[in-house]
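Written below as structure tokens is the structure these notes are about.
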Amino acid sequence: MLKGEYMAEELEKWRYPRFFSDTIDENDRIIYMNDEDSKHIAQVLRMRKGDKAIICDKNGHDYLCELSSLENKNAIEFGILDKKDNLAEPDVEITLFQAVPKNDKLDFIVQKATELGAVRIVPFLSKRCVSRPDAKSADKKVQRLQRIAYEASKQCGRGKIPGVMPFTDFKSAVNSIDSDTLPIIFYECGGKKLSELDLSYKKIAVFIGSEGGFEKEEVDYALSKGATAVHLGERILRCETAPVAALAVLMNLTGNL
């Protein structure tokens, strides 16, 4: 059998409905699903005893499982058949710092950032943000965005669920960057190309503005804290397009796409 045929056969083995679970007992080789996923398995997917699923422990490990018990519709049990490391997680940790855009654009950004391998999304308020939700609305929005990241992680085969952090302000976001992280701020008025950067870092922080981009003084502040200004070409991208383009290029340049 050719290598490519073997890989295709092995991958096909793991093409089943995917879920995440916090209750994986490798000793007893049993996984218990939570109430919500159990209802989805029984009532929506209509899975039956003996059907297979992939269940991830949220730490980068996939378990090939077989449905073993439907007696309790709110706590379905799976038996573990096999285990492997999840191959979808990149070897670089990219945190997307996204200025809050108008309407539901952040929903799209979180979904696509998850698909492209971001480990964390941090919404922040910059000077040009038009949308400025109060604390209660922001908390509800984060909960919805975390749900979007969860669903996107299942759909694209991730081994981890990116965290959607609470809303913060621009300076606090910049000041939160660790010394072992490469901070990049995308600025439509100039900067380096991504291909010109030293991308040997294992952690990268990406700053994307909202509609209208960043104020110059915000860029200057980020630069004073060690960030590098980068541009994405001569065309001005929409605030929901820029993070998708930036993450895709970064994943490609670091060998993760």
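Our coupling estimate for region 217-233, obtained by passing each phi through the Karplus curve with A = 6.51, B = -1.76, C = 1.60 and θ = phi - 60°, is 5, 5, 4, 4, 5, 4, 5, 5, 9, x, 6, 10, 7, 9, 10, 10, x Hz, Gly and Pro reported as x.
Note on the chain: with a GNM built from Cα contacts shorter than 10 Å, the maximum mean-square fluctuation among Leu232, Leu70, Leu194 falls on Leu70. Taking one quarter of the surface of the convex hull spanned by the alpha-carbon atoms of region 110-189 gives a direction-averaged projected area of 6.4 nm².
Think of it as helices only: each DSSP H run of n ≥ 4 in the chain is worth -39500 (n - 2.57), and spread over all residues that comes to -9000 deg cm²/dmol at 222 nm. Residues within the reach of a label modelled at Glu217 (point 7 angstrom out along Cα to beta-carbon, backbone nitrogen below 18 Å), restricted to region 141-185, are 169-175. Pick the calculated P(r) over Cα pairs in 5 Å bins from 0, in percent for this structure from (i) 1, 5, 10, 12, 12, 11, 8, 7, 6, 6, 6, 5, 5, 3, 2, 1, 0, 0, 0; (ii) 1, 6, 13, 18, 20, 19, 14, 7, 2, 0; (iii) 1, 6, 12, 15, 16, 14, 11, 9, 7, 6, 3, 1, 0? Identified label for the calculated read-out: (iii). Highest GNM mean-square fluctuation among Arg144, Arg15, Arg235, for the chain modelled with Cα contacts below 10 Å: Arg235. Relative contact order for region 129-231: 30 percent, from Cα pairs under 8 Å spaced at least 6 residues apart, divided by residue count. When only Cα pairs below 8 angstrom with a gap of at least 6 residues are kept, the chain shows a relative contact order of 18 percent. Ordering Cys189, Cys156 from the fewest to the most neighbouring beta carbons within 10 Å gives Cys189, Cys156. In the structure shown, the pairs Lys58/Lys141; Lys102/Lys171; Lys203/Lys225; Lys171/Lys216 are assessed against 18 Å; a Cα-Cα span above that value is assigned to Lys58/Lys141; Lys102/Lys171.
On a C-alpha basis, how far is the centre of region 24-88 from the centre of region 156-228 in Å? Whole number, if you could? Centre-to-centre distance over Cα atoms comes out at 37 Å. Placing unit charges on each Cβ (+1 for Lys and Arg, -1 for Asp and Glu) gives the chain a dipole about its Cα centre, and among Phe20, Gly163, Gly213 the Cα reaching farthest toward its positive end belongs to Gly213.
Listed by Cβ neighbour count within 10 Å, with the fewest neighbours leading, Arg46, Arg18, Arg147 appear as Arg46, Arg147, Arg18.
We did not get these values from a lab; they are worked out from the coordinates using the rules stated. In this text the structure is predicted, and so the values were computed from the model without any measurement. Methodologically, a virtual Cβ is constructed for each residue, glycine included, from the backbone with ideal geometry; neighbour enumeration extends over all protein chains shown.
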